[in-house]
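All remarks here apply to the structure that follows.
The values are calculated or read from the model by the stated rules, or taken from the named source; none is laboratory data. Since the structure is predicted, the reported quantities are computational estimates derived from the model, not experimental observations. Glycine gets a Cβ as well: all are built from the backbone with ideal geometry, and neighbour counts include every protein chain shown. Accessible surface areas use protein heavy atoms only, side chains included; no ligands, DNA or RNA. Shrake-Rupley method; radii C 1.70, N 1.55, O 1.52, S 1.80 Å.
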Amino acid sequence: MTIVEGENTVLYLQTARFQVKQYGRAVSGLSVADQSLDYLTQDWTSYSCPLSSKDQLTNSKAAILNMYKKRAFYLIAKVDKRLRSEVEKGQSPETAWNNCLVELIQAAQAHIHYYMVQNCYTGVESVDTTTDIREVLLILCQFFAIYGISKCSGDFLQASCLSPAQLELVKAVERDLLASIRPNAVSLVDAFDIHEMRLNSALGCYDGNVYEKLVESASRNPLNKTEVHPSFYKHIKPLQANL
């Protein structure tokens, strides 16, 4: 999601502001205003990921979501602590906030990432479709969750969501899921039902002759009818002659 100007930093910071407020409520023993932030009320100090095999990692939705929750909790707790430290050093709340913008955006992104993974699982489980299609969508959902852990592994390791050995399991499962998705990749993309006339691209050709079709498509463009466009001789060459 972006604002009119195409920038989403403002929305990240609005999300982070809400998170900081709700974290303060949770620390004070109050309930949070939104169910997606329930992880703020949980004690994660003694939590460790229980997974020890690829099968467990692939099939344990609860453990994967707990890793996302602990990461989001860790990042918002970390930035809240820094905000308080900045104020204690004599900074105004506004200056402290500006000094923590990078960490605030990271905390907001972690929360949104968790929210998306959670809803991806919920959507796949509740969709009204055949067993075969649900199985394909579940593999895609699992890959989305696992890829997120792999891509942002620094956050997950820093938050003690998993160990380095478990991260290696994550990367192995990521490779296995890619192999499972590959036979259905074209069908999954085609499921968006965006017509070729609208795409107007050679990149999606089924026979794989991408570059040949790109050259053919470019040759049909009126700008490429001649090797050098006539405007060069009309405008640019006279200017060069006078240099």
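Just for segment 66-82: of the residues that are more than 15 Å from T41 (Cβ to Cβ) and not aromatic (F, W, Y), which one is surrounded by the fewest Cβ atoms within 10 Å (Cβ to Cβ)? Here the residue is K81. Put simply, of I149, I133 the only residue that is surrounded by 12 or more Cβ atoms within 10 Å (Cβ to Cβ), part of a helix (DSSP H, G or I), of a type in the set (A, V, I, L, M) and at pLDDT below 95 is I133. Annotation note: Cβ proximity below 9 Å between a residue of segment 16-45 that is under 22 Å from R82 (Cβ atoms) and open to solvent by less than 70 Å² (accessible area, probe 1.4 Å) and a residue that is outside any helix (DSSP H, G or I) and of a type in the set (S, T, Y) (sequence gap 6+ or interchain) occurs for W44/S160. Residues to consider are E212, E216; find the one that is more than 28 Å from M67 (Cα to Cα), surrounded by 12 or more Cβ atoms within 10 Å (Cβ to Cβ) and acidic (D, E). Within the list E212, E216, the selection yields E212. In summary, helices (runs of 4 or more DSSP H) completely within segment 45-100 and bearing 3 or more residues that are under 22 Å from N119 (Cα atoms) occur at 54-59, 61-88. Listed by first and then second residue, the pairs with beta-carbon distance under 7 Å, at least 6 apart or on different chains, first residue in segment 184-209 and touching a residue at least 12 places away in the same chain (Cβ under 8 Å) and assigned to a loop (DSSP other than H, G, I, E, B), second open to solvent by 60 Å² or more (accessible area, probe 1.4 Å) and of a type in the set (D, E, K, R), are A202/K213. From the list I64, I76, the lone residue that is within 20 Å of P164 (Cα to Cα) and modelled with pLDDT of 90 or more is I64.
Return yes or no: is S180 surrounded by 10 or more Cβ atoms within 10 Å (Cβ to Cβ), hydroxyl-bearing (S, T, Y) and within 19 Å of the chain's Cα centre (by Cα)? Talk me through it step by step, then tell me what you get.
On the way: surrounded by 10 or more Cβ atoms within 10 Å (Cβ to Cβ): yes; hydroxyl-bearing (S, T, Y): yes; within 19 Å of the chain's Cα centre (by Cα): no.
So S180 fails the test.
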